[in-house]
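Worksheet for the structure shown next.
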Amino acid sequence: MLIFSSPAFWVPALILVGVAVHDALTGKISDLFSLALVAWAIAARALGWWEPDWGFLVLGLAEGLAIGLVAFRLGALGGGDGKVLAGLGACFGPVKLLLFLPWIALVGGLLAVLALRKGSRDVVLGPAFLVGYVLALTF
């Protein structure tokens, strides 16, 4: 488990705050957030703040991209959402990404129910990434 005082936790969390706010305000997630997550993964690995090797980083990125692409093609996620998954995969690798997904899905499902109750079919998932990330690392 990550130590909450570590930059390995806080930098992705701050990026996900940006994702949540931007998505809530615009209904879209800028590619810059996904690129920031990948850049952070590379920097954290280069600085020795992230233990696994470079192959693990690439594998997590590929897994996140694959899951995001399938979910996008099925209409379950927007393109920006899928790219954020790829960035999270790069930051934390393929195993932790799979631990994040149920939490992200749970929070996203709650947001979808709230949106439907308000008569909207548009679900903003940016906050689900942030809350799901924190919950996955807490429990």
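The values are calculated or read from the model by the stated rules, or taken from the named source; none is laboratory data. Not measured: the values here are computed from a predicted model. Cβ coordinates were reconstructed from backbone atoms using ideal geometry, including for glycine residues, and neighbour counts include every protein chain displayed.
Summary table below
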read-out	value
Filtered residue count, region 55-82, keeping only those that are within 19 Å of residue 135 (Cβ to Cβ), assigned to a helix (DSSP H, G or I) and hydrophobic (A, V, I, L, M, F, W, C)	1
Tabulated pairs, region 82-100, first closer than 15 Å to residue 19 by Cβ, second acidic (Asp, Glu) and in a helix (DSSP H, G or I), C-beta under 9 angstrom, 6+ apart or interchain	83/31; 85/63; 86/63; 89/63
Any hit, region 39-49, residues being outside any loop (DSSP other than H, G, I, E, B) and closer than 18 Å to residue 111 by Cβ	no
Enumeration of residues in region 48-66 that are acidic (Asp, Glu) and over 8 Å from residue 89 (Cα atoms)	51, 53
Some residue of region 6-27 being at pLDDT 95 or above, closer than 12 Å to residue 92 by Cα and part of a helix (DSSP H, G or I)	no
Conditions (1) of a type in the set (A, V, I, L, M); (2) touching an Asp or Glu at 6+ places or on another chain (Cβ under 7 Å); (3) farther than 27 Å from residue 39 by Cβ: number failed by residue 106	(2)
Region 87-118: number of residues that are aliphatic (A, V, I, L, M) and crowded, with 23+ Cβ neighbours inside 10 Å	4
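Every residue, every condition in (1) assigned to a loop (DSSP other than H, G, I, E, B); (2) of a type in the set (Val, Ile, Thr), yes or no:
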{"residue": "84", "(1), (2)": "no, yes"}
{"residue": "89", "(1), (2)": "no, no"}
{"residue": "93", "(1), (2)": "no, no"}
{"residue": "99", "(1), (2)": "no, no"}
{"residue": "109", "(1), (2)": "no, no"}
{"residue": "124", "(1), (2)": "yes, yes"}
{"residue": "127", "(1), (2)": "no, no"}
